[in-house]
Each structure stands twice: as C-alpha cells, then as structure tokens.
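S.K.: Below are the structure tokens for one structure; questions will follow.
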C-alpha cells in the first residue's frame, strides 16, 4: 500500500491528509506549527512538528521512503519551491506540489515537481460550473481537451436505455459508470436503463461534455 507524506497543514494540506488517512493509507503529516500538527494527530498515522526547510530534519523522518510527498505549503512560495527541490534531490519518487499561480506552477515544474496542483483555481472552476450547470456533480480535467464528469442524468435520458438515449452517438461521450444510491454500475451496456436520480460518470472531449450541461 502506498505511503503518503503531506508537508504543510493549511486547509488544503489538512484536507488531503485527512482524506488519504480515511481511505486507509499511511499518512505522515508535517508542519512547523504545533497547533496544526496536534489538530490532525488523531486522524493521520503520524504527525510531526518540523521545519520543512531543515533538510536534516526531513531526512530523519525517512521522507525519501514515501511513495508520494505532497508539498502543500501555501503562503510562503519560496519555501514551497525550496522544499520541492530538496525532496527531488533526496530521491523522493513522486512530489506533488501546490501552486498559487500559473507562473508559480511553471517554476515548480521546472525544479522537478512530478505533478503541480492548483487547488484555489480548480475550486473556483468547479464552483463556477456548479453555478451555471445545476446537474454537474464534479468534473476532473484529464488534459486540456478531455475531462471525466459526474452529472445527474438529464431528464431526456430518464426511462431510456443508454442505447435509446444515443449518448455516444448523439453526444460523443462514453458512459463509464452509473451511481445509483450506494450502488455503482461499472461499464453499463447499451440496454441498461437510466433511472431518475442516477449519476452518470462520463468521459469525453470538453466541448462534447458541455452539451450535457443543464
């Protein structure tokens, strides 16, 4: 099972650490602020008060042995970048770094971050989409052109099979799964009927997906 370390326990870092921990993964949470460390002490596997800029201290935690290290330092951009550099120099396999701006993200990618995330920007995008399209539950961008989307089944699909609704032919998207309450139907066939309240998990080009928004 993968082991994760989260450096920086602001809102984003704490949310990531708590979510991974509840999913059953081993999580090391690190922050210089004792109060923030104490707040997650009973949730994650280990929580340690350490200055992430102290290279020796990071090494003493065995940080290079973790499969993924998330650099969630938010306010101090310089520290965020320096810690990312140190982690890659230590040999950490995968470093995921939080960026505040596009420029910050490009710098992180240049210094070796394996993945750069923009939580504030992405949350803003999700909120905006939810405001203009009431049936969109969530959307994850897989690339600039393609996304995975969860949406409440449009009214015109209800009572029809996937084939009858011609979802693939008419909209050019693929239904990967249907969430119906606690049940998840994986790879539903063309004969599978869509019911009211179903949440469709679909993948396709962004311009095609937009046609499903209500």
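Each value in this text was obtained by applying a stated rule to the coordinates, not by laboratory testing. Quick caveat: nothing in here was measured; it's all calculated off a predicted structure. All Cβ positions, glycine included, derive from the backbone under ideal geometry; neighbour counts span all protein chains shown.
S.K.: Taking Cα atoms, how many degrees apart are the long axis of helix 77-90 and the longest axis of the chain, rounded to 10 and kept between 0 and 90?
M.R.: In the chain, helix 77-90 runs at an angle near 80 degrees to the longest axis.
S.K.: Quick one: if the Förster radius is 30 Å, what FRET efficiency do residue 46 and residue 100 give, using the C-beta to C-beta distance and rounding to 0.05?
M.R.: 0.65
S.K.: Let me ask something additional. When each pair of different Cα atoms in region 122-212 is counted once in the 1/r mean, what is the Kirkwood radius in angstroms, to one decimal?
M.R.: Roughly 13.3 Å, rounded to one decimal.
S.K.: Continuing with the same structure: Hey, rough spin-label estimate for residue 90 and residue 205, points 7 angstrom out along Cα→Cβ, what's it come to in nanometres?
M.R.: For the pair residue 90/residue 205, the computed spacing is 4.5 nm.
S.K.: Suppose each label sits 7 Å from its Cα in the direction of the beta carbon; what would the residue 75-residue 195 distance come out to in nanometres?
M.R.: 5.0 nm
S.K.: Cut-off 15 Å, label point 7 angstrom out along Cα-to-Cβ of residue 146: give me the residues of region 193-210 whose amide nitrogen falls inside.
M.R.: Within reach of a label on residue 146: 202-209.
S.K.: Given the alpha-carbon gyration tensor of the chain, what are the semi-axes of its equivalent ellipsoid in whole angstrom, ordered largest first, with each equal to the square root of 5 times an eigenvalue?
M.R.: Values: eigenvalues 316, 68, 44 Å².
In descending order the semi-axes read 40, 18, 15 Å.
S.K.: Sticking with this structure for a sec: Could you give P(r) for region 3-117, binned at 5 Å from zero, as whole percent values over all Cα-Cα pairs?
M.R.: Going from the shortest bin to the longest, the percentages are 2, 13, 26, 26, 21, 9, 2, 0.
S.K.: Name the residue, out of 110, 170, 93, whose mean-square fluctuation peaks in a Gaussian network model built on the chain with Cα pairs under 10 Å.
M.R.: 170
S.K.: Counting only DSSP beta bridges with both residues in the chain, what percent are antiparallel, rounded to the nearest 5? It would help to have the intermediate numbers written out before the result.
M.R.: Values: 22 of 42 bridges.
In the chain, approximately 50 percent of DSSP beta bridges are antiparallel ones.
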